Amino acid sequence: MYNIYFEVAAIGFITVLLLYLHIEYPNASESNRRYRQWVTWILAGLVIDVIASRTTDYGAVIPPFLNILINTAYFMIATGCFYSLAGYLHSIVKGRFSDFYMKFLRVLCIAYMIFLTANIFTGWLFTFDENGTYTHGPLYALIYILQIVVIVMSIILLLSSRKKLEKRQLIAIWLFMGIILAGFVLQAVLFPKTLLVFYNFALAATTVLFVIETPDYVKLADALEDAAEQRHRADVANQAKSNFLANMSHEIRTPMNAIVGLDEMVIRESDSPKVKKYALDIRSAGNTLLSIINDILDLSKIESGKMELVPVDYDFASVLNDIVNMTMKKALEKGLSYDLEVDPDIPCELHGDEIRIRQIILNLTNNAIKYTQEGGIKLSLSYKKEEQRLIVCVHDTGMGIKPEDMDRLFSSFQRLDETRNRNVEGTGLGLKITKQLVELIGGSIYVESEYGKGSCFTAEVVQEIVSETPIGDYKEHLQNAIEINEEFKPKLVAPNARILIVDDNEMNLEVITSLLEETRINVTTAISGMDSIDILEKKSFDMVFLDQMMPEMSGTRTLEVINEKHLCDNTPVIVLTADAIVGARDSYVRAGFTDYLSKPVMYPELEAMLMKYLDKSLLLTKDEIESEERRLQEERENEKQRVLVICDSEEKLKLAKTLISEDYKGVFVRNMAQAKKYLEKHEAAFVIRDIKDLDREGS
């Protein structure tokens, strides 16, 4: 008795498959229609195969003529199945050979059908005797000739047309041909009583469906092709954008270097409160412009997946000091209250990207100040030790956010409630960048808001604990954090250090030299790459700052020559560049530079670079710096011209002290005797004497 379980299972699957294809995808392509015809023949073949096997099993009780008719129908349906397979292949591979292929098979199949019809009456191919036993006829081999011819012709067709087919089509077609052949071999040689031929046809058809003919796959293939085209266009546009951003960054940062640097010198050196205020306003405007440029560059880095995270151990109180220094004044100037709530149990030292943590908190705080006109803001910070998460909450009493605007809140270049916010500065990138930075670090951000009453932004970011020591009462240190206009004092003084600065822009050289004046470092300047090489051949330095964009020899080329001549084998060479685009630092480090300093050069970054790479033996300690400052102060005092003031009135002497410029050293005495005694040992550029004393002496 034949095993029909495989065929019966395949009938159920193929029936459901055909119903699904006809209902779900009524509008099929030509190859898909051919595919459905082939699957329909397979279904008919499965059904007739089951029927024929059972009538053969019970041949003794079934009339022989009926068995002959049923088996003849089986072979005819098998012929139709092979012919529909050929038609399907023809729809995929169209050409002169495939046209001949179809005409030849059509003639062959018609001849085969004629033989099968004649067999009913002649028994040339097969027959059933009076006992119902299946018996081969003298021409039985013809049954397999058609199948063999179809398979051979199909293989020739595929081989001749392989260059026209996609890789996935070739793989699928060869796979289903192999499955069909395997079915013949298994049934004919190993399992003659197990029906496998049409079951393997069903497997082959299923393979084709999922690889080639499923409409979803066709749609996916079209979508992938379209996506590839769109990706190419996007890559071209992205490259154009990157080139624009690189050029924009360089062209803006180069003049900004002079503006910011010279403004810093005005702030340091001016004694006029009015001039200092103007300079501080310039600094504020310059920082705003740089913030806009940095926002655009940061967005470009994040979107390209090239944002660099640099985890380090950092002092959380120091980060908080910077944020308070940069935001409290803005809030107070707008008449807003500024409330700071810091959990005293926050670990004092954390591990993470210090720069990005500062940027996240700063962006949220500045955003709150920007959109709040009355009331105030509250910055709350806490830490979840079990999850190692820093929690940042920024509350404000600003205008709030409409519910319908929530979905656009973290979108690029979006300004919500534009009518009310038309006078608010910004690009609309701050919150977008903040959200992406938070997610990049492995955190989350969410917002609660009531329109007209205010908002609360909460960011949670993973920051590992380095030291369990708690930060304690941060407000005790707040006074130091808000001393914005304190007198400039360098953290670094190195009178024995020697550095070389190379830049083709004389104003840039003047700016950096002026910024370093208080450090007492010995600065040598060079105006070109060749000039720097000449200097390095004669002198050695502790550090070299080398501009990239120079005529004749770029910084990179200059460094190559320096390395070839072994002029700076043990000397840090820092690239100075206005190029702050994605991957700039990595590319310069790969080119051989020790580190990267972007323009405009900010003194804190310049100072940090010097402290990082100068030999520690060249740096003065804090006590040595204070001692050096006292010595310099004494030298400056001794170099001042002396003004001798003689007056017996205490009030007039006090008035004279306030009137004498700081460029002069005042000496104040009550009478001529004291004056003569002083002049015996010292010189005075000027002598100021009360007219009343002269009158008394004259009388």
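The values are calculated or read from the model by the stated rules, or taken from the named source; none is laboratory data. Note that the structure is a prediction, hence the values are computed from the model and not measured. Quick reminder, even Gly has a Cβ in these numbers, built from the backbone with ideal geometry, and neighbours come from all protein chains shown. These area figures cover heavy atoms from the full protein model, side chains too; ligands, DNA and RNA do not enter into them. Shrake-Rupley method; radii C 1.70, N 1.55, O 1.52, S 1.80 Å.
Scanning region 642-677 for residues that are assigned to a loop (DSSP other than H, G, I, E, B) and charged (D, E, K, R) yields Asp648, Glu662, Asp663, Arg670. Considering Thr72, Thr79, the condition of being hydroxyl-bearing (Ser, Thr, Tyr), closer than 26 Å to Phe121 by Cβ, crowded, with 20+ Cβ neighbours inside 10 Å and modelled with pLDDT of 80 or more is satisfied by Thr79 alone. For Ile535, the conditions (1) open to solvent by 10 Å² or more (accessible area, probe 1.4 Å); (2) among the aliphatic types (A, V, I, L, M); (3) in contact with a strand residue (DSSP E or B) (Cβ under 6 Å, 6 or more places away or on another chain); (4) under 13 Å from Leu576 (Cα atoms) are fulfilled apart from (4).
Looking for something closer than 23 Å to Leu440 by Cβ, touching a Gly at 6+ places or on another chain (Cβ under 8 Å) and modelled with pLDDT of 90 or more - is there at least one such residue anywhere in region 374-386? Checked region 374-386: no residue is closer than 23 Å to Leu440 by Cβ, touching a Gly at 6+ places or on another chain (Cβ under 8 Å) and modelled with pLDDT of 90 or more. The number of residues in region 90-148 being open to solvent by less than 100 Å² (accessible area, probe 1.4 Å), of a type in the set (D, E, K, R) and over 15 Å from Asn67 (Cα atoms) comes to 1. Only residues that are open to solvent by less than 100 Å² (accessible area, probe 1.4 Å), touching a residue at least 24 places away in the same chain (Cβ under 8 Å) and not basic (Lys, Arg) were counted in region 645-665, giving 7.
Taken across region 33-46, residues that are at pLDDT 80 or above, part of a helix (DSSP H, G or I), open to solvent by 70 Å² or more (accessible area, probe 1.4 Å) and among the aliphatic types (A, V, I, L, M) do not occur at all. How many residues are open to solvent by 40 Å² or more (accessible area, probe 1.4 Å), at pLDDT 85 or above and part of a helix (DSSP H, G or I) when one looks only at region 47-63? Going through region 47-63 one residue at a time, the tally reaches 2.
Within region 327-352, the set of residues being out of contact with any Phe, Trp or Tyr (no Cβ under 9 Å at 6 or more places or on another chain) and within 15 Å of Val392 (Cβ to Cβ) comprises Asp339, Glu341.
Only one entry of Thr571, Thr558 meets the criterion of being in a loop (DSSP other than H, G, I, E, B) and among the β-branched types (Val, Ile, Thr), and that entry is Thr571. Per this entry, Ser598 is counted among residues that are modelled with pLDDT of 80 or more, polar (S, T, N, Q) and open to solvent by less than 50 Å² (accessible area, probe 1.4 Å).
Residues of region 502-521 that are open to solvent by less than 20 Å² (accessible area, probe 1.4 Å), within 22 Å of Asp534 (Cα to Cα) and at pLDDT below 85: Asn508 alone. Set side by side, the residues Asp263, Asp216, Asp222 differ, and just one is charged (D, E, K, R) and modelled with pLDDT of 70 or more, which is Asp263. Looking across region 522-532 at every residue that is buried (at least 22 other Cβ atoms within 10 Å of the Cβ) and in a helix (DSSP H, G or I), the one that is nearest to the chain's Cα centre (by Cα) is identified as Gly529.
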